[in-house]
Amino acid sequence: MKTKISHSVDTMMTKLRLEKVDFQILFQGEHSPLESIDLFLAEQIRLKDQKATENRIKRSGMPQMKTLEEFDFGFQQSITKEQMLRLSDFTWIEQAYNIMFLGPPSVGKSHLATALGYMALHKGYIVSFLCLDDLIRILKTADITASSKRKLKYLYQAHLIIIDEVGFLPVSKTESNLLFTFIAAMHEKTSLIITSNKGFSEWSGFLGDEVITTAILDRLVYKCEIFNMTGEGYRLKNRKTIL
């Protein structure tokens, strides 16, 4: 049963929009009044940071969480853990650099992109994850649907946008123009991580226009770290069976 004082504290914390805390746990041992205030405010900051991170993750559209620790660098030897760890300070986001993971299906492109995305979210960056088809759908419908307009607005607020599965399906010339306009708007302002199963020489094939392709790639690779990933597909090599 709550005492009168505990009810009063809860009421005041609600009015001040403070996070609920377990005072019995927080104030174990003897503390001076100033030490108690310090502990309480530090816990408030921790809880608010935690809630902010949870909200960023919820809005990011990220797939199931992946980590660098889970990645099999022994299997995928065209990239090293040291290279990925050097990217984890995220100075490249501050400088609006891009990252591109290129290679055949199932070599770990999306895994690494997702792992970097989650790390950035926990560092306080706004991240948005979507496949190219979803991005084009948003660009095509932003003027006619409220949901697409909201998603596009969030993309423009992001520090990092991960565009997955670039090149899996062809796009029309109109869609290529929309994509170019978006990439141009992000250029040197927002970092992009691109995953693609196509080499640069094949991009005009699915984008349908060499001039647009050149313009898009010109902006993507100007400030960019490119990883060409090779080897056998991980899922095929490590497929699971029923029996």
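Of note:
- Any hit, region 105-122, residues being open to solvent by 10 Å² or more (accessible area, probe 1.4 Å), within 24 Å of residue 218 (Cβ to Cβ) and either out of contact with any Cys (no Cβ under 6 Å at 6 or more places or on another chain) or of a type outside the set (Asp, Glu) (or both): yes
- Inter-residue pairs, beta-carbon under 6 Å, first without any contact (Cβ under 8 Å) to a residue 60 or more places away in the chain and in region 78-103, second not hydrophobic (A, V, I, L, M, F, W, C), 6+ apart: 90/123
- When region 101-152 is filtered for residues that are over 14 Å from the mean Cα position of the chain (by Cα) and not in a helix (DSSP H, G or I), the ones remaining, listed by number, are 101, 102, 103, 104, 105, 106, 107, 108, 142, 143, 144, 145.
- Qualifying residue in region 152-169 (condition: touching an Asp or Glu at 6+ places or on another chain (Cβ under 8 Å), among the acidic types (Asp, Glu) and open to solvent by 40 Å² or more (accessible area, probe 1.4 Å)): yes
- Every pair of residues 6+ apart whose Cβ atoms lie under 6 Å, when the first sits in region 187-210 and is farther than 28 Å from residue 95 by Cα while the second is of a type outside the set (D, E, K, R) and open to solvent by 30 Å² or more (accessible area, probe 1.4 Å): 206/170; 210/204
The values are calculated or read from the model by the stated rules, or taken from the named source; none is laboratory data. The model shown is predicted, which means the values in this text are computed figures rather than measured ones. Heads up, the Cβs are rebuilt from the backbone with ideal geometry, glycines too, and the neighbour counts pull from every protein chain shown. Calculation scope for accessible area: heavy atoms of the full protein, side chains included, ligands and nucleic acids excluded. Shrake-Rupley method; radii C 1.70, N 1.55, O 1.52, S 1.80 Å.
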